[in-house]
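The values are calculated or read from the model by the stated rules, or taken from the named source; none is laboratory data. Source: prediction; values computed, not measured. Ideal geometry is used to build each Cβ from the backbone, glycine not excepted, and the neighbour counts take in all protein chains shown.
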């Protein structure tokens, strides 16, 4: 089997590409960890929203809330 020596520039380019790929893989791992930490917070916020929405529904009945104007329009 014939072995061919690569040029310095080729080796350097390959190392740069490998380093870049490793950095991307590391960043993706960090994003996944952040995602796993944030998802429970999102679920908690949804539960809080649903609970408070139920409280408002018990107080005012069925309808729609306009957050911009702060008004509640009762459903017919």
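The set of residues in segment 59-75 that are in a helix (DSSP H, G or I) and loosely packed, with under 10 Cβ neighbours inside 10 Å contains only 59.
Applying a threshold of 7 Å to beta carbon distances and a minimum spacing of six or more residues, or different chains, the list of pairs starting in segment 3-22 at a residue that is modelled with pLDDT of 95 or more and ending at one that is part of a helix (DSSP H, G or I) and surrounded by 10 or more Cβ atoms within 10 Å (Cβ to Cβ) is empty.
One line per residue, one yes/no per condition, for (1) in a helix (DSSP H, G or I); (2) exposed (fewer than 10 other Cβ atoms within 10 Å of the Cβ):
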position: 2; (1), (2): no, yes
position: 9; (1), (2): yes, yes
position: 13; (1), (2): yes, no
position: 18; (1), (2): yes, no
position: 21; (1), (2): yes, no
position: 34; (1), (2): yes, no
position: 39; (1), (2): yes, no
position: 47; (1), (2): yes, no
position: 57; (1), (2): yes, no
